[in-house]
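To keep things clear, I will list the structure first and then write my remarks on it.
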Amino acid sequence: HHGNLLQYDLRELGDTALKGYRVYVDSSRELKYYFYAVFSKPFIALDQLEEREAEKNPEGKNNFTYTMIQMFRMQFLIHGELLVKVAISSVSMEDAMNKLYSEAPHWNFERYLVEWGKNKRNSK
């Protein structure tokens, strides 16, 4: 989403889940989005990235300014296939978590395709 970012947060929940939110203003209205994400393998590191700007002081030395940006790097110990489930809500992080576990209770993607196909045929 575009707009002016007012606030955001990202929190680890153990080593396989994250939750967070972002608040921004777009066209004079404040919008809030919450998310909950679960990974099929544990992560061992989560780092927030930052931008660094250098400006020379009167003595000719660099003064650095660090700005935290809304970008993160994750590291996983186990290599191979990684599955991620994410749910988004405009209500709360708890609502996002409840949506994830009620709408995506398992890790079998092929089963989701079959279930989606059945639901699509039944809705016609």
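Structure above, values below:
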quantity	calculated
Odd one out for Ile78, checked against (1) at pLDDT 90 or above; (2) surrounded by 10 or more Cβ atoms within 10 Å (Cβ to Cβ); (3) not small (Gly, Ala, Ser)	(1)
Candidate set from region 71-124 (those that are under 23 Å from Arg11 (Cβ atoms) and β-branched (Val, Ile, Thr)); member that is farthest from the chain's Cα centre (by Cα)	Ile78
Tabulated pairs, region 49-60, first more than 28 Å from Phe72 (Cα to Cα), second modelled with pLDDT of 75 or more, C-beta under 8 angstrom, 6+ apart or interchain	Lys56/Asn62; Lys56/Asn63; Asn57/Asn63
Looking only at region 82-104, and only at residues there that are in a strand (DSSP E or B) and among the aliphatic types (A, V, I, L, M), the one that is surrounded by the fewest Cβ atoms within 10 Å (Cβ to Cβ)	Val84
Residue, surrounded by the fewest Cβ atoms within 10 Å (Cβ to Cβ), within region 22-57, restricted to residues that are among the polar types (S, T, N, Q) and either within 16 Å of Leu10 (Cβ to Cβ) or modelled with pLDDT under 85 (or both)	Ser28
Strands (runs of 3 or more DSSP E) contained in region 1-80 and holding at least 3 residues among the aromatic types (Phe, Trp, Tyr) and touching a strand residue (DSSP E or B) at 6+ places or on another chain (Cβ under 9 Å)	29-39, 62-76
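The values are calculated or read from the model by the stated rules, or taken from the named source; none is laboratory data. All values reported here derive from a predicted model rather than from experimental measurement. Virtual Cβ from ideal backbone geometry, glycine too; neighbours counted across all protein chains shown.
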